[in-house]
Amino acid sequence: MDTDDMKRHISDSFEGVAAVDGGDDTYFVYDPLGDLPADRWLPFATIVTGDHHDTASALDRPGAWRLNIGLTRARYASVFATAPAGGAPVDHTVTDTLLPHPVYAPQHWVCVVNPGPATRELVGELLADAYGFAVRKHLNQRRRRPGSAD
């Protein structure tokens, strides 16, 4: 699977998703009406294709890219029930392996460099969970917005 395949998968699998390109990266935002101002966009998943945000995954390698997925605290804890002992370093360059995000793990983000057969099913589940969380957050924002008819 390459970045175009993943973009298509996310866009085709989840309704109301805007795929926002920023540089060579893509940010997936739940915005079913297409009316959220850019400062309210909170991506639930991103595809990063270079080392311009961090260098942990060595995305400057040919063909390397990283899928990042934002989870709820509970879901994050379910996939990483135990932290590495003594804060052991994580090799974020390995491919097709679910890892805590190198920067945003404290905000419950996970990542996979070049997702493939070993992570396909889990990535699908985590994307669905992240999408569901994004929908709930969006609905809550709409309810709190002045003049909302929801």
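The values are calculated or read from the model by the stated rules, or taken from the named source; none is laboratory data. Bear in mind that the values here come from a model prediction, so they are computed numbers and not experimental data. Neighbour counts run over all protein chains shown; Cβ positions are idealised from the backbone, glycine included.
Mind checking which residues of region 60-70 are buried (at least 19 other Cβ atoms within 10 Å of the Cβ) and among the basic types (Lys, Arg)?
Listed by number, the list holds a single entry, ARG66.
Select from region 19-33 the residues that are over 15 Å from ILE69 (Cα atoms) and small (Gly, Ala, Ser) and list them in ascending order. Once the filter is applied, which keeps residues that are over 15 Å from ILE69 (Cα atoms) and small (Gly, Ala, Ser), region 19-33 yields GLY22, GLY23. Of all residue pairs spaced 6 or more apart or on separate chains, those with beta-carbon atoms under 6 Å, a first member in region 113-142 that is over 22 Å from ASP25 (Cβ atoms) and a second member that is hydroxyl-bearing (Ser, Thr, Tyr) and surrounded by fewer than 14 Cβ atoms within 10 Å (Cβ to Cβ) are ARG142/SER148.
Condition check ((1) in contact (Cβ under 8 Å) with a residue 40 or more places away in the chain; (2) farther than 26 Å from LEU139 by Cα) across all residues:
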residue	(1), (2)
THR26	no, no
TYR30	yes, no
THR95	no, yes
HIS101	no, yes
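Residues are listed down the side, and each one gets a yes or a no for (1) in contact (Cβ under 8 Å) with a residue 24 or more places away in the chain; (2) exposed (fewer than 14 other Cβ atoms within 10 Å of the Cβ); (3) under 14 Å from ASN114 (Cα atoms):
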{"position": "LYS7", "(1), (2), (3)": "yes, no, yes"}
{"position": "SER13", "(1), (2), (3)": "yes, yes, no"}
{"position": "VAL20", "(1), (2), (3)": "no, no, no"}
{"position": "ASP39", "(1), (2), (3)": "no, yes, no"}
{"position": "ILE47", "(1), (2), (3)": "yes, no, yes"}
{"position": "THR55", "(1), (2), (3)": "no, yes, no"}
{"position": "ALA58", "(1), (2), (3)": "yes, yes, yes"}
{"position": "THR72", "(1), (2), (3)": "yes, no, no"}
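In the condition set (1) over 20 Å from PHE133 (Cβ atoms); (2) loosely packed, with under 12 Cβ neighbours inside 10 Å, LEU33 is compliant with all but (1). Scanning region 1-46 for residues that are out of contact with any His (no Cβ under 7 Å at 6 or more places or on another chain), farther than 18 Å from CYS111 by Cα and of a type in the set (Ser, Thr, Tyr) yields a count of 2. Only one entry of ARG40, ARG66 meets the criterion of being touching a strand residue (DSSP E or B) at 6+ places or on another chain (Cβ under 8 Å) and either within 20 Å of VAL94 (Cβ to Cβ) or at pLDDT below 95 (or both), and that entry is ARG66.
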